[in-house]
1. Report the calculated FRET efficiency for Val94 and Glu117 (r = Cβ-Cβ distance, R0 = 56 Å), to the nearest 0.05.
2. Among all cysteines in the chain, which have no other cysteine Cβ under 4.7 Å from their own Cβ?
3. Which is the longest part of the chain that has none of the trypsin sites (Lys or Arg not before Pro) sitting in a DSSP loop with at most 14 other Cβ atoms within 10 Å?
4. Report the local net charge at Ile188: Lys and Arg +1, Asp and Glu -1, summed over other residues whose C-beta lies under 13 Å from its C-beta.
5. Name the residue farthest towards the positive end of the dipole of region 78-219 from the options Val216, Ile158, Leu111, assuming +1 on Cβ of Lys and Arg, -1 on Cβ of Asp and Glu, about the Cα centre.
6. As I understand it, the dipole of region 239-320 uses +1 on the Cβ of Lys and Arg and -1 on the Cβ of Asp and Glu, about the Cα centre. Which of Phe305, Ile240, Ala256 lies farthest toward its positive end?
7. Assigning unit charges at the beta carbon (Lys, Arg +1; Asp, Glu -1) and nothing else, what dipole magnitude in debye, to the nearest 20, does the chain show about its Cα centre?
8. Cα extents of region 95-193 along the three principal axes, largest first, in whole Å?
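The values are calculated or read from the model by the stated rules, or taken from the named source; none is laboratory data. The model shown is predicted, which means the values in this text are computed figures rather than measured ones. Note: ideal-geometry Cβ built from the backbone for every residue, glycine included; neighbour counts use all protein chains shown. Accessible surface areas use protein heavy atoms only, side chains included; no ligands, DNA or RNA. Shrake-Rupley method; radii C 1.70, N 1.55, O 1.52, S 1.80 Å.
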Amino acid sequence: MQRRWDIFCTIIDNFGDIGVCWRLARQLTQEHQQAVRLWVDDLTSFSCIAPDVNPEIQQQVVQGIEICRWQCVSVEVEPAEVVIEAFACELPDVYVAVLLQRKKQPVWINLEYLSAEPWVIQCHGLPSPHPRLPIIKTFFFPGFVQGTGGLLREKNLIAQRSISSSTAERAFLQRKGLQARKPGEIRISLFCYDTAPVTKLIRILSESSKPVLLIVPEGSVAGSIAFLLNDSSSWNKKLIQYEQLTVQIIPFMEQADYDLLLWSCDFNFVRGEDSFVRAQWASNPFVWNIYPQAEGAHWKKLDAFLDLYTANMPEEMADAVREIWACWNGRYEINSAIWLNYFSFREALTEHNKDWVKQLLKQDDLASSLAQFAENKL
């Protein structure tokens, strides 16, 4: 049955939160035939990953989804049957006031951040009465294990990944203006926060025994790399050559193309939540740059995921993964020996990741879990 959904998203670190909400909105629309309205406070950042979105238009329909600027919420807005408050953003007061006037209250879901911490299972699905108003929200946690809401995964994603070929890869690279593979080349995508030790990684990769292509989206990290390599002329061409390393600067890609990029790379450095999940579906070796939190709270989150992810790995491979992830997130310094040790497990990690995907597939995907939960409540 078609229901009306309102998804509210504030863009905090440019792409992570809206990346998840945009994928969710599209999947609810395309696979579950729901009517979705997406409220976003920063359409300019949104348009970087969804080029069909016009930042100058307050209200528009893109891929069957109504997209509205958050600031346009008013008393004239009719609340939906299902309301998602994404990542602890607070609904506009005027929206809540109108919502309370309805005879039947909507299903109000607080979609939480992704975590592998054990307590998530106990909190998933718990009601949260509003401290002042006669309404109840429900905590909904994405997750990696049974008893959580699962991960975003389109119905045909794994099938598309499995039939991906070298011919399709070449066509993608040509379409996006990416460098063709050189013989023996190592291809790496890099998407990280400014806090990651990029300078040290650049030095390590430039000394590689094999040619390396590092693909980096435009932004502060790309600018830092260009400054480090003192190559302003190449920077203007979006291509920097330094010893064994070639750095290619690219515009931000829409999400379907970003998936193809992850599939085509031998290693993927990813950050936050959305690219982190997509790297797992890609099955290639990946290194996660977790969003840093006050008082080191993010370390528990990172270690909890590693406990799950490395559980069935041989000890030496698990140690190599833990070591490079710790270095990449600033626990201690990365060096060539650590990278080469991790690199030596490339093929074994790819096979492990395929098994990891099979384990994740035992859960329902997040959009399906949300749709079923909402229908049961209505």
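1. Details: r = 35 Å, r/R0 = 0.62.
It comes out at approximately 0.95.
2. Taking the Cβ cut-off of 4.7 Å, the unpaired cysteines of the chain are Cys48, Cys68, Cys72, Cys89, Cys123, Cys192, Cys265, Cys327.
3. Working: sites that count: Arg102, Lys103, Lys104, Arg132, Lys155, Lys237, Arg331, Lys362.
Between the exposed loop sites, the longest stretch runs 1-101.
4. Details: positive: Arg181, Arg187, Lys210, Arg346; negative: Glu185, Asp266.
Cβ neighbours under 13 Å give a net charge of +2.
5. With unit charges placed on the Cβ atoms, the residue in question is Ile158.
6. Among Phe305, Ile240, Ala256, the one farthest towards the positive end of the dipole of region 239-320 is Ala256.
7. Working: 36 positive and 45 negative charges, 128 e Å.
Value, rounded to 20: 620 debye.
8. 65, 33, 31
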